[in-house]
Amino acid sequence: MSIIERQRFSCMLGGAADAVAAMPGAVPIIHGAAGCGGNLFMASYGGSGYCGGGRFGGNGVPTSALTENDIVFGGIERLETRLRSAIELLDAEIFVVLTACMTEIIGDDVDGAVGRFQGCGKTVFAVSAPGFAGNSYAGYEAALGGLFKRYIKPSPADCRHVNLLGAVPFHDPFFRGDLEEIRRLLESIGLTATTFFTADQTLDDLKKAGSASLNIVLSPAYGVALAAELAESHGIPYIVSELPVGAEASAEFLRKVAERLGIEGAEAVIAREADRYYNYVDRALDLIADTDFMQQYGIVVANANAALPYARYMRRELGWLPRYAFVTDSLNERQREAVEAAFAEAGMEGLALVFETGTTAVRKRVALDNPPLLPERYGDRLSPAYILGSSMEKELAAQLGAKLLTASFPITNRLVVNRGYAGYNGGLNLLEDIITQFVSVR
Amino acid sequence: MSYISDSKTPPVRDSRLKIGIGFGGSVGDLLRASGKGRLLACDRSFCQVSACQLHLTLQMVMTMPDSVTIVHGASGCGAQIHTQDFPIRSGSAARGVKRGELIWMSTNLGERDVISGGEGKLREAILLVDREYRPRVIFVASSCAPNIIGDDIDEVADTLRGEVAADIIPLHCPGFKTRVVATAYDAVYHGLARNLELAPRPHEDFAPPNGLSRDIDEDKREYARRKARTVNLINASSIGAPDERELTELLRAIGLNVRVYTEYVAADDFRFLTEAGLNVSMCAVHDDYLLEHIKEKHGTPYIISSMPLGIAETREWLLNIAARTGDMERAEAVADAREAELRRGLAPFLPQIKGLRVLLSGGVIRVAAAALALKELGCQVVAVRPYHYDDLSDPIYERLERECPGLSVNVAPNQAFELVNIIKREKPDVVLSHGGSGVWATKAGAVSVPLMSPNQNYFAYTGMYELARRLARATQNDALQRRVGENARLPFKTGWYGRDPYSYIEQDRAFE
């Protein structure tokens with residue numbers, strides 16, 4: 001792991017705590033310093049379009065609150081006391097102890113400690129999540145992996161049930177709206193789905209995840225390794241799909257899932273959805289088609305989950321010319337290759353896929369490729385340009401005189417509630433938000 | 001207390017002061033327990049997360065224009081800057097300080113670094129920042145992991161000092177070292193005082209007397225006069241630009257020249273920090289470490305007296321300063337005039353505010369000062385919940401005991417479970433809440449008003465007016481709180497609300 005400018009993620013502990021607290025009836029307990037949980041929540045909250053802590057997250061997360069003495073002499077006793085109180089006080093079913101840097105370094109026997117809580121009537125287990133072992137995306141996988149290992153039992157497959165993996169709470173700021181819409185699509189072809197993180201989820205939905213006949217990973221990078229493990233441990237096969245954004249990608253997604261599960265009737269659904277979708281698009285054309293908003297050079301600066309869906313939407317739905325897709329996550333080799341393969345498969349000629357974590361470096365790259373015009377009357381340039389990025393792309397937008405819609409972590413200039421960009425409805429939302437940037441100055 | 005000169009690392013408040021983070025009882029009992037040094041042992045058997053000293057450290061130092069901060073730790077440490085970025089940029093703008101993007105780096109420590117040390121990556125980061133951004137100052141804030149594995153950030157800084165153009169300022173702020181976020185003030189001041197010049201440079205910043213000029217003695221007298229009329233206000237992130245403006249205006253009204261330090265101040269301007277006759281703290285919990293150091297090394301006296309919040313405290317704060325500078329008469333006249341003006345302004349709001357039952361939750365000095373201010377407005381204070389307690393706060397809590405005898409105090413770094421229990425029990429009309437607790441108050445069905453906000457005015461006379469206006473506004477319509485209170489699901493078992501809110505504080509010894 002190399003040094004990094006303004007990381008657009010937090011650490012494994014942060015990602016794991018976010019994921020656990022986003023699930024129904026589950027509480028993370030941070031075995032570390034009292035500040036870890038608060039600081040990490042500030043990161044997720046501030047970057048996610050202000051997604052709050054909810055029932056068991058945020059600054060309500062229990063902690064063993066270790067101090068210097070505990071680092072010297074071990075923190076297990078404190079963990080046990082405070083975990084016992086958490087079980088007594090909180091109206092939850094699943095208690096997940098997450099280890100922070102310090103407790104991993106000093107080697108606290110956390111599994112031994114949680115072992116003493118077996119038989120207390122609640123599910124109690126530990127997940128190793130020290131910040132130095134990975135970033136928040138790794139934490140998401142670790143938390144979900146722990147849940148499958150310790151709570152979700154493998155059960156006989158229900159051929160109509162699937163699980164949605166890969167949409168990462170907070171770091172995919174539209175995770176709730178996206179997951180709801182994807183589930184709506186799946187329901188339209190007769191399936192049910194465990195989303196893990198939407199408002200409606202219950203413990204039954206979590207348990208039902210064990211009987212899924214397919215894990216659908218909505219990411220080329222995250223949840224894929226977990227899905228491969230679950231194929232072994234729970235016998236659930238998986239497919240990897242990009243997050244479908246817009247009518248074309250959604251139709252493709254429905255076909256892919258239907259084909260995989262042998263479902264008929266998908267085409268009728270697709271036709272109906274497309275009809276509705278373009279009815280709405282039609283009413284936006286009066287504005288779009290007569291103006292300069294018609295066609296832009298596109299720049300995407302986003303995480304590995306959103307980069308391709310956004311670039312593809314620009315190209316295939318809006319008919320724009322996406323020129324760059326910057327992927328700002330730090331990826332391992334396998335993840336990186338998977339992202340490259342997904343872009344290659346989508347056929348995005350004219351688009352440069354760049355893996356770059358640093359905001360300054362992104363700007364530099366665009367500046368170097370597009371030097372200021374020489375003092376000549378005629379010269380082509382990267383304009384008009386439109387950026388789908390994070391709030392940190394404000395300077396890039398200023399540099400290019402481009403419009404910017406914040407659509408990737410960190411989003412600090414919007415409140416995201418249940419908005420999503422996935423599926424048909426998400427495609428319409430994205431159209432609305434992109435074009436609104438043009439008229440918002442009126 | 002010459003820590004600053006002698007030691008690489010600052011002390012922690014856990015040992016430097018008599019502190020505590022857990023207590024529930026009357027203000028009198030609190031003072032007695034603190035006096036006997038028994039608060040520290042009051043531990044919780046249940047605990048919810050809070051912030052750590054790294055958070056406040058970053059909040060403070062990143063206000064320095066032309067600085068870049070390197071967080072030495074895993075990728076989560078410092079990631080919260082995404083939330084701090086806007087307050088700091090808008091705070092800069094509000095003070096007329098030019099500030100572009102906030103740049104920071106993470107050394108992003110991994111498993112291998114934890115085993116073999118992270119100093120190499122820190123060195124790499126410092127060199128990169130110096131080359132890429134050419135800042136005037138590079139802060140290096142070290143978090144828990146490097147402190148446990150023994151990385152020596154001062155050593156790294158020392159070896160690079162000749163190589164990089166920036167001043168490197170190491171900051172020691174691992175969360176596990178202290179229970180009190182306010183230790184960050186010491187961590188930051190330690191770093192600033194050890195690494196920045198705090199006095200002007202002869203020939204560069206001023207022309208030293210050379211014997212050829214005019215009457216040297218007269219020059220010296222003139223210099224001393226000017227210095228004596230200059231006062232430094234020491235600010236902090238919790239104190240917004242509107243508060244700074246109001247206090248500056250008050251002191252100017254009594255004829256003083258006012259400058260504001262240490263946040264939002266450029267590194268080179270620190271050379272004039274000691275060119276003042278008096279340092280004045282705006283909050284007793286912040287500044288003793290730095291101001292004592294300056295007094296020791298540069299002879300500048302200081303005043304630390306609670307917080308200029310509310311009519312009486314503001315008058316006392318102003319007169320305290322005036323007594324030192326010899327402006328008593330003017331100060332009394334200013335206070336009289338401003339108070340009279342304020343009382344006319346408050347009059348229309350008082351009937352609405354009178355008798356409101358208020359709970360306060362937040363910083364140790366601020367909740368006490370605000371409680372006294374609310375009493376002046378005719379409100380009834382239900383309880384105060386300071387984030388922590390320390391003996392720097394004794395004077396204002398003694399006053400609280402005199403004016404609100406038997407008042408309940410719950411010492412708690414947020415701890416929403418205790419807050420919600422108290423709200424359900426006491427049903428306050430308003431909760432004045434520090435960031436992070438308003439959400440819990442709302443979910444418990446109570447109206448909440450921010451206890452502090454960097455964009456709002458709380459201090460002195462205009463601050464008092466704004467507070468009254470806000471209370472009157474907030475209590476006119478509690479529809480959101482009622483709707484949310486009826487529908488939101490709190491995390492606690494319902495039995496919790498029937499139990500003593502302090503059930504999880506082990507504090508028997510505190511009452512002996």
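The values are calculated or read from the model by the stated rules, or taken from the named source; none is laboratory data. These numbers come from a predicted model, not from an experiment. Don't worry about glycine lacking a Cβ; one is built from the backbone with ideal geometry, like all the others, and counts go over all protein chains shown. Accessible surface areas use protein heavy atoms only, side chains included; no ligands, DNA or RNA. Shrake-Rupley method; radii C 1.70, N 1.55, O 1.52, S 1.80 Å.
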Using r as the Cβ-Cβ distance of A:Glu395 and B:Ala93, and R0 as 22 Å, what FRET efficiency do you calculate, to the nearest 0.05?
0.85
Once Lys and Arg get +1 and Asp and Glu get -1 on their Cβ, which of B:Met282, B:His203, B:Gly25 lies farthest toward the positive end of the dipole of the protein assembly as shown?
B:Gly25
Compare each residue of the stretch B:49-68 in its chain alone against the assembly with all protein chains, and report those whose accessible area goes down by 10 Å² or more; 1.4 Å probe, heavy atoms.
B:Val49, B:Ser50, B:Ala51, B:Cys52, B:His55
Give me the compactness ratio for the protein assembly as shown, meaning the Cα radius of gyration over 2.2 N^0.38 Å.
0.98
Give the average, rounded to an integer, of partner chain Cβ atoms located within 10 angstrom of each Cβ in B:487-497.
4
Leaving ligands, DNA and RNA out of it, work out the accessible area of A:Thr99 with a 1.4 Å probe and give it in Å² to the nearest 10.
10
So if each residue of separation counts as 0.36 nm, and I subtract the Cα-Cα distance between A:Leu321 and A:Glu432, what length gain in nm does that give?
38.1 nm
Counting C-alpha atoms alone, how compact is chain B: give Rg to one decimal and Dmax as a whole number, in angstrom.
23.8, 84
In straight Cα distance, which lysines are under 16 Å from B:Lys427, not counting same-chain residues fewer than 8 positions off?
B:Lys443
With 10 Å bins from zero, work out the P(r) of the stretch A:158-267 over every alpha carbon pair and list the percent per bin.
15, 52, 32, 2
For chain A the mean separation of alpha carbon contacts under 8 Å (6+ apart) over residue count, i.e. relative contact order in percent, is 18
Å² of accessible area per residue within the stretch A:158-267, as computed with a 1.4 Å probe and no ligands counted:
32
Determine the dipole magnitude for chain A: charges of +1 sit on the beta-carbon of Lys and Arg, -1 on that of Asp and Glu, nothing else is charged, the reference point is the Cα centre, and the result goes in debye to the nearest 20.
420
Per residue, what accessible area does the stretch A:12-150 have, given a 1.4 Å probe and all protein chains present, in Å²?
27
Treating only the Cβ of Lys, Arg, Asp and Glu as charged (+1, +1, -1, -1), what charge dipole size does the stretch A:12-150 show about its Cα centre? Round to the nearest 20 debye.
300
Across all Cα atoms of chain A, Rg and the largest Cα-Cα distance (Dmax), in Å, are 22.6, 79
Hey, got a sec? Which trypsin sites (Lys or Arg not before Pro) in the stretch A:354-436 land in a DSSP loop and have at most 16 other Cβ atoms within 10 Å?
A:Arg377, A:Arg381, A:Arg414
Taking only Cα atoms, what is the 0 to 90° angle, nearest 10, from helix A:333-346's long axis to the longest principal axis of chain A?
30
Counting other Cβ atoms within 10 Å, which GluC sites (Glu not before Pro) in the stretch A:314-350 have at most 15 and lie in a DSSP loop?
A:Glu349
Shielding of A:10-20 by other chains, given as the mean Cβ count within 10 Å, works out to 3
With unit charges on the beta carbons (Lys and Arg positive, Asp and Glu negative) and the dipole taken about the Cα centre of chain B, which residue among B:Leu40, B:Ala51, B:Ser503 sits farthest to the positive side?
B:Ser503
For the stretch B:72-98, state which residues have at least 30 Å² less accessible area in the presence of all protein chains than in their chain by itself, taking the probe as 1.4 Å and leaving out ligands, DNA and RNA.
B:Ala74, B:Ser75, B:Gly76, B:Ala79, B:Gln80, B:His82, B:Thr83
Between the stretch B:248-268 and the stretch B:28-97, how far is it from one alpha carbon centroid to the other, in angstrom?
24
For an R0 of 35 angstrom, estimate the FRET efficiency from the Cβ-Cβ distance between A:Glu88 and A:Ala228 and round to the nearest 0.05.
0.35
What is the stretch B:374-506's relative contact order, in percent, from Cα pairs under 8 angstrom and six or more apart in sequence?
21
Listing of the stretch B:173-191 residues, each with accessible area lower by at least 20 Å² in the full protein assembly than in the chain alone (probe 1.4 Å)
B:Phe176, B:Lys177, B:Arg179
Between B:Glu222 and B:Arg509, what is the spin-label point distance in nm, taking each point 7 Å from the Cα along the Cα→C-beta axis?
6.3
Describe numerically, in nm with one decimal, the distance between label points set 7 Å from Cα along Cα→Cβ at B:Arg482 and at B:Arg402.
4.2
In range of the label at A:Asp286: residues from the stretch A:406-442 whose backbone nitrogen is under 20 Å from the point 7 Å along Cα→Cβ
A:428-429, A:431-442
How large, in percent, is the carbon and sulfur part of the accessible surface of the stretch A:12-150 at a probe radius of 1.4 Å?
48
Sparse-neighbour loop sites [GluC sites (Glu not before Pro); the stretch B:40-140; at most 16 other C-beta within 10 Å; DSSP]:
B:Glu101
Would you tell me the accessible area of B:Arg399, worked out with a 1.4 angstrom probe on the heavy atoms of the protein chains, in Å² to the nearest 10?
30
I'd like the Karplus ³J(HN,Hα) series for the stretch A:106-114: coefficients 6.51, -1.76, 1.60, θ = phi - 60°, whole numbers in Hz, and an x wherever there's a Gly or Pro.
7, x, 4, 7, 6, 4, x, 5, 5
Going Cα to Cα from A:Lys394, which lysines come in below 26 Å? Please leave out same-chain ones fewer than 8 positions away.
A:Lys364, A:Lys403, B:Lys98
What figure, in Å² to the nearest 10, do you get for the accessible area of B:Glu376 with a 1.4 Å probe and non-protein molecules left out?
80
When ligands, DNA and RNA are left out and all protein chains stay put, how many square angstrom of accessible area per residue does chain B have with a 1.4 Å probe?
37
Contour excess over end-to-end distance, with Cα ends at A:Arg150 and A:Arg184 and 0.36 nm allotted per residue:
9.4 nm
Treat each spin label as a single point 7 Å out from the Cα along the C-beta direction, and report the A:Asp158 to A:Glu337 distance in nm.
3.7
Sum -39500 (n - 2.57) across every DSSP H segment of at least 4 residues in the protein assembly as shown, then divide by the residue count to get the 222 nm mean residue ellipticity, nearest 500.
-13500 deg cm²/dmol
Given an 8 Å cut-off on Cα distances and at least 6 residues of separation, report the relative contact order of the stretch A:12-150 as a percent.
36
Apportionment of accessible area to carbon and sulfur, the stretch A:158-267, percent (1.4 Å):
50
Search the structure for amide H atoms under 5 Å from the amide H of A:Ala422, placed 1.01 Å from N in the peptide plane, and list their residues when 5 or more places away or on another chain.
A:Asp178
Would you mind working out the magnitude of the charge dipole of the protein assembly as shown relative to its Cα centre, with +1 at each Lys and Arg C-beta and -1 at each Asp and Glu C-beta, to the nearest 20 Debye?
1920
What does the buried accessible surface come to for B and A, summed over both chains, with the probe at 1.4 Å? Round to 100 Å².
5200
Taking θ = phi - 60°, what integer Hz values does the Karplus form 6.51 cos²θ - 1.76 cosθ + 1.60 yield along the stretch A:49-60, in sequence order, with x for Gly and Pro?
x, 6, 6, x, x, x, 6, 10, x, x, 8, x
Partner shielding of A:132-143, as the mean number of partner chain Cβ atoms within 10 Å, equals 3
Please report, in Å, the Rg and the Dmax of the stretch B:173-278, where both are computed over Cα atoms only.
17.4, 58
Cα-based equivalent ellipsoid, the stretch A:1-120: semi-axes from gyration tensor eigenvalues, Å
23, 19, 11
So between A:Ala346 and A:Ala361, what do we pick up on full extension, going 0.36 nm a residue minus the alpha carbon distance?
2.8 nm
Could you work out the Rg to Rh ratio of the stretch A:270-372, with Rh taken as the Kirkwood radius (inverse of the mean 1/r over all Cα pairs)?
1.05
